[in-house]
1. Going by the structure shown, is ARG335 under 23 Å from ARG251 (Cα atoms) and either out of contact with any helix residue (DSSP H, G or I) (no Cβ under 9 Å at 6 or more places or on another chain) or surrounded by 14 or more Cβ atoms within 10 Å (Cβ to Cβ) (or both)?
2. Tell me which of these VAL252 doesn't satisfy, since it passes every other one: (1) crowded, with 16+ Cβ neighbours inside 10 Å; (2) under 21 Å from LEU283 (Cα atoms); (3) out of contact with any Gly (no Cβ under 9 Å at 6 or more places or on another chain).
3. In this structure, is SER325 of a type in the set (Gly, Ala, Ser), surrounded by 18 or more Cβ atoms within 10 Å (Cβ to Cβ) and modelled with pLDDT under 90?
4. With the structure loaded, tell me whether PHE209 is crowded, with 16+ Cβ neighbours inside 10 Å, within 27 Å of PRO109 (Cα to Cα) and at pLDDT 90 or above or whether it fails that test.
5. What about PRO83, is it part of a loop (DSSP other than H, G, I, E, B) and farther than 24 Å from LEU17 by Cα?
6. Filter region 86-108 down to the residues that are part of a helix (DSSP H, G or I), out of contact with any Phe, Trp or Tyr (no Cβ under 9 Å at 6 or more places or on another chain) and surrounded by 22 or more Cβ atoms within 10 Å (Cβ to Cβ) and list them by number.
7. Say we look at region 329-359 and pick out the residues that are among the hydrophobic types (A, V, I, L, M, F, W, C) and modelled with pLDDT under 90; which of these is nearest to ASP235 (Cα to Cα)?
Amino acid sequence: MHSIGLWWRQPDHYDWLTSYLRGRGLLRFMRWLMFLVLLTIAAAIALALASPAGPQTPAQRIVTYVASAALAAIAVSYLYRWPTRVRSQVFSIAGNACIAAGVLAETDPRTAMIGAVAFVGLAGYVAFFHTAPFLVLTLGTGVAVAAVSAARIAIAGDTAMAVAKLLILCGGILAVPFCGQVIVHWLSVDSLKSSTDTLTGLPNRRGFFRSAQALLRHADYRSRPYFTIAMIDLDGFKRLNDTLGHPTGDRVLVAVADSIRLVSAGNTAIARVGGEEFLFAQLSTLDEARASIEELRKAIAAVPWDVTASLGMASTVVRAPALKSLELIEWLIARADTAMYAAKRSGGNQIRYAEDVPQ
């Protein structure tokens, strides 16, 4: 029961999976895929109107028209843009209701049993993107529709066939989505692990980009906050490694990472991105960002083994939703990297600002 409770309460993968698809240029493909799948189901429900086994009474035909039109509208919306989490949840519930209505409106229960297969595709989508309660709702509806159709077949006199088809259909409806949810869960775990530096426990470059993009995505651009990135490079780390040995060097890196972690608060992203290089991002006012980076410098200087760091800072005002956040982050990292080398050439243990940042 404890495991079921954990599964029931676990968060969805919507943001992570959407970011994963967007980052690999697959979101457009997914939009087209959802459009085609939903449009196919809508067309299948509509075509049943022309079949003797399909809807016959006025009420059945009206229900079928509405269900088909609603699914087509949802399909077009996916073609237009990828939905938000809430909109996707609404679409999932609406699609669930439309498929159920379209299938139950059919006159022949045998064709209705075939139509219930459409729940497999919908449940697969819900399993990948949404939580367990949404999945149970979809699966429960699919099984209920299949059971009603099987009962109609049994009442007509073919009980053995009704039970056989119900078992086959329920196996497909239940197995495919649950397998999908297990797969996406392990994918997210592997992705999380691959986004973490094994020595320090900080995010690596991939994890930093994901966190920094999330900061920009949730920024209140109407208040015109500054998005700041600092490149941090430890001074004389190679000499320390050569003198004290690599085990000590590893302890230094862990201590520096802990110091950066303690200084970092909300609206920040941190990472270890190289041997002795770290990244820091913050969404705040410019003065707050400068104060945070000065705190970072002091915190690193307080680490044992006489460690210091050169820091380069680059900032920009977030005036509108960051549509090209990846390019913006890369540009700021490049500017911060240049400023960091200027700090290192000046003797280290100091901060330099990119030239285009207001002083």
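1. Against the criterion (under 23 Å from ARG251 (Cα atoms) and either out of contact with any helix residue (DSSP H, G or I) (no Cβ under 9 Å at 6 or more places or on another chain) or surrounded by 14 or more Cβ atoms within 10 Å (Cβ to Cβ) (or both)), ARG335 does not qualify.
2. Exception for VAL252: condition (2).
3. Judged against the criteria, SER325 is a match.
4. For PHE209, the condition - crowded, with 16+ Cβ neighbours inside 10 Å, within 27 Å of PRO109 (Cα to Cα) and at pLDDT 90 or above - is not met.
5. Considered against the rule, which asks whether it is part of a loop (DSSP other than H, G, I, E, B) and farther than 24 Å from LEU17 by Cα, PRO83 comes out as no.
6. CYS98, GLY102
7. This residue is ALA354.
Okay, residues lined up against (1) among the hydrophobic types (A, V, I, L, M, F, W, C); (2) crowded, with 20+ Cβ neighbours inside 10 Å:
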residue	(1), (2)
ALA123	yes, yes
LEU139	yes, yes
GLY142	no, yes
LEU174	yes, no
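The values are calculated or read from the model by the stated rules, or taken from the named source; none is laboratory data. For clarity, every value in this text was computed on a predicted model and none was experimentally measured. Cβ: placed from backbone, ideal geometry, glycine included. Neighbour counts: every protein chain shown.
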